[in-house]
Amino acid sequence: MKLRQSNLDRLDRREFDVLIVGGGINGAVSASSLTSRGVSVALIDRGDFGGETSQESSNLIWGGIKYLESFELGLVRKLCLSRNHLIRSYPSNVREIRFLTTLRRGFRRNRFTLFLGALLYWLMGDFFTRRPRPLSARAIGRTEPAISTVESPGGFEYSDAWLVDNDARFVFRFVREALDHGGIAANYVEATGSTFDGERWVTRARDRMDGRELTITSRVLINACGPWVDPVNAVDGVSTTHRHVYSKGVHLIVDRVTEERRVLAFFADDGRLFFVIPMGVRSCIGTTDTRVDSPDAVVTPEDRRFILDNINRQLALPRPLTEADIIAERCGVRPLVVETGARSQDTGDWTSLSRKHAVELDRDKRHISVYGGKLTDCLNVGDEIAEQVRRLGVAMPYSRIRWYGEPPDAVRDEFFLQAERMGLDAMTAPESSERLATRLWRRYSARALDILEDIRQDPAMAEVLIVGTEYIRAEIHHAARSEMVTRLEDFLRRRSKIALVERTEVIARSPGLLEACRILFGADAQRRLDEYFAERDGASGPRVTASEISSAPQRSSARPTGP
């Protein structure tokens, strides 16, 4: 909280080279790319960083194999190379994973044709991943017993990539790097309107936590508001040649349906690819593709039935999955780019619209709008934004710097050497899905050295604090210091994935939750707990009050707590 307050004070009545409105993946990579090049940047978001579309993805980094069917070969080639680039740049976070695709008899394409498509996909990715292979129905049954092959002629296996952690965590990585390079960022700051005086933009903003009014001045304004780009431009008087239409995507989180770490791919009733994606001890299933008119999407009973009906038809489970098996839900909209004059009927097959992005420059107003996009293409967005800002006359002292990627091998080796000498992996909790040293490096990179120092000073800092999760006490302290956690949901849903893999009532009864809140929020801990669970009163399942939580025994931390 101190970090956020300091940034708020530095936002007000100061001129920046660039103000970025919107802290999803497009805004985050733009901030990281520009600050690394020496540009003075402010970044604000009306909610938390990565708090909308960027937290509702499939966690997949893929080259868009489905776009082969619509012959968008240029887009597939670009996305495959972007995927490869992310795997090379973030080897701890983005990893190759096998996709096992099972077909049903009567599908619109036969197995041989689809396998040829997988070979073409492999070729277009420069043979970077493992080779695809065809599979008979019998081979699929042996490879993955969870799949029902009764109505299947077989399928094939190919490779793409996935985020080992959650998508919002990956987004915050870029925000944190922008801060490290001198950027100013603040969540829960809403832009209420911007005006251009011929030389600079003056943006009126409001701190949504306490109502404080702010004025932010910048030479360039970037609208990276994701699905809300169009309404924000309308308020600011900016006209564009692009606009968004929206597709709602829903995923359900359930207990793990297979022990294998691979993605199970099928074709749903609407013809779209449909996945079972590993998520630690859980599985993420979906997605839907529903045309909606507003970015404010919610999960409906029809969405749940669609996903459950499809997955139960494709898997041979001991018993069918029901709504009672749903642990958590993900729901967001895909902002799809069309030309401004296009009517809805001009967009063709709804499910064939691609996730391409468009960066639109208004040179006269020094304004940039970012449309569409996806996690796979994020580094390209960062580079394109930097080029457009350069064209607007903003100096970039470090224009040739490599602004992305994990720290040098020497830093990584030093971390693992220290961790080994400390015996860190012996402190790994039984419920953890990977070694503690590996997880800390993946999540925090060079900052993991600070966490090692916390544990060195107090071994209790290596204890899992919220029982049933992997998150240790030192991580909570780190989040309080460095990750601008403003509300409890920021930590449970975005800095971590606790709220994605545990039911609300399980989290509520977890010993250590109140201590975690005290570390994050100090004297405001109880109010933050009340706020978090009050917002979930409409959720299914038994409700647990904050007073029940506070009655659980808590450990008194040996280190200072609070914001």
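The values are calculated or read from the model by the stated rules, or taken from the named source; none is laboratory data. It should be emphasised that the depicted structure is a prediction, and the values quoted were computed from it without experimental measurement. Glycine gets a Cβ as well: all are built from the backbone with ideal geometry, and neighbour counts include every protein chain shown.
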I'd like to know if the stretch 85-92 contains one or more residues that are of a type outside the set (A, V, I, L, M, F, W, C), in a loop (DSSP other than H, G, I, E, B) and either over 30 Å from Gly23 (Cβ atoms) or in contact with a Cys (Cβ under 6 Å, 6 or more places away or on another chain) (or both). no
Please count how many residues of the stretch 468-496 are of a type outside the set (Ser, Thr, Tyr), modelled with pLDDT under 95 and under 21 Å from the mean Cα position of the chain (by Cα). 1
The number of residues in the stretch 355-408 that are modelled with pLDDT of 95 or more, of a type in the set (Gly, Ala, Ser), more than 21 Å from Leu79 (Cβ to Cβ) and part of a loop (DSSP other than H, G, I, E, B) is 2
Pro145: in a strand (DSSP E or B) and either under 28 Å from Pro318 (Cα atoms) or of a type in the set (A, V, I, L, M) (or both), yes or no? no
Go over the candidates Ala480, Ala499, Ala516 one by one and state the one that is assigned to a helix (DSSP H, G or I), touching a Gly at 6+ places or on another chain (Cβ under 8 Å) and in the same structural domain as Asp450 (by TED's automatic domain parsing). Ala480
Just one of Phe267, Phe274 is without any contact (Cβ under 8 Å) to a residue 60 or more places away in the chain and surrounded by 17 or more Cβ atoms within 10 Å (Cβ to Cβ); which is it? Phe274
Considering each residue of the stretch 519-563, count those that are in a loop (DSSP other than H, G, I, E, B), modelled with pLDDT under 50 and either more than 19 Å from Ser482 (Cβ to Cβ) or among the polar types (S, T, N, Q) (or both), and give that number. 17
Looking at the stretch 61-93 only, could you name the residues that are surrounded by fewer than 22 Cβ atoms within 10 Å (Cβ to Cβ), under 29 Å from Val501 (Cα atoms) and among the aliphatic types (A, V, I, L, M)? Ile87
Consider only pairs whose beta carbons are under 9 Å apart and that are at least six residues apart or on different chains; among these, list those whose first residue lies in the stretch 410-424 and is surrounded by fewer than 14 Cβ atoms within 10 Å (Cβ to Cβ) and whose second residue is at pLDDT 95 or above and part of a helix (DSSP H, G or I). Glu420/Ala437
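Restricting the search to the stretch 113-131, which residues are of a type in the set (Val, Ile, Thr) and over 17 Å from Pro153 (Cα atoms)?
Selection gives Thr129 alone.
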When Glu329 is evaluated against the numbered criteria (1) more than 23 Å from Glu502 (Cβ to Cβ); (2) modelled with pLDDT of 95 or more; (3) assigned to a strand (DSSP E or B), which criterion, by number, is the only one it fails? (1)
Out of the stretch 247-289, which residues are at pLDDT below 95 and touching a His at 6+ places or on another chain (Cβ under 6 Å)? Gly286, Thr287
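Rundown of residues vs (1) touching a helix residue (DSSP H, G or I) at 6+ places or on another chain (Cβ under 9 Å); (2) among the polar types (S, T, N, Q); (3) in the same structural domain as Arg319 (by TED's automatic domain parsing), yes/no style:
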site: Tyr121; (1), (2), (3): yes, no, yes
site: Ala139; (1), (2), (3): no, no, yes
site: Val150; (1), (2), (3): yes, no, yes
site: Val171; (1), (2), (3): yes, no, no
site: His181; (1), (2), (3): yes, no, no
Pick out the one residue from Gly271, Gly280 that is among the small types (Gly, Ala, Ser) and under 19 Å from the mean Cα position of the chain (by Cα). Gly280
Which members of the stretch 352-372 meet the condition of being closer than 18 Å to Asp160 by Cα and of a type outside the set (Lys, Arg)? Ser354
Does Val220 satisfy the condition of being under 30 Å from Ser148 (Cβ atoms), at pLDDT 95 or above and of a type in the set (A, V, I, L, M, F, W, C)? no
Odd one out for Leu116, checked against (1) under 21 Å from Ile87 (Cβ atoms); (2) without any contact (Cβ under 8 Å) to a residue 12 or more places away in the chain; (3) aliphatic (A, V, I, L, M): (1)
Quick check on Arg494: is it surrounded by 24 or more Cβ atoms within 10 Å (Cβ to Cβ), touching a helix residue (DSSP H, G or I) at 6+ places or on another chain (Cβ under 8 Å) and closer than 17 Å to Asn93 by Cβ? yes
If we keep just the residues of the stretch 119-136 that are touching a residue at least 24 places away in the same chain (Cβ under 8 Å) and outside any loop (DSSP other than H, G, I, E, B), which is farthest from His85 (Cα to Cα)? Leu135
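Could you look through the stretch 376-406, keep only residues that are aliphatic (A, V, I, L, M) and crowded, with 24+ Cβ neighbours inside 10 Å, and pick out the one that is farthest from Gly50 (Cα to Cα)? It would help to see each step written out before you state the result.
Step one: of the stretch 376-406, the residues aliphatic (A, V, I, L, M) are 379, 381, 385-386, 389, 392, 394-396, 401.
Now narrow it down to the ones that are crowded, with 24+ Cβ neighbours inside 10 Å: 381, 385, 389.
Values: Val381: 16, Ile385: 18, Val389: 23 Å.
Here the residue is Val389.
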Among residues of the stretch 448-467 being free of Cβ contacts under 8 Å to residues at least 60 places away in the same chain, in a helix (DSSP H, G or I) and closer than 28 Å to Arg282 by Cα, the residue farthest from the chain's Cα centre (by Cα) is Ala462
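For (1) of a type outside the set (Asp, Glu); (2) in a loop (DSSP other than H, G, I, E, B); (3) more than 17 Å from Asp167 (Cβ to Cβ), each residue gets a yes or a no:
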residue	(1), (2), (3)
Asp9	no, no, yes
Ile20	yes, no, yes
Gly23	yes, yes, no
Val39	yes, yes, yes
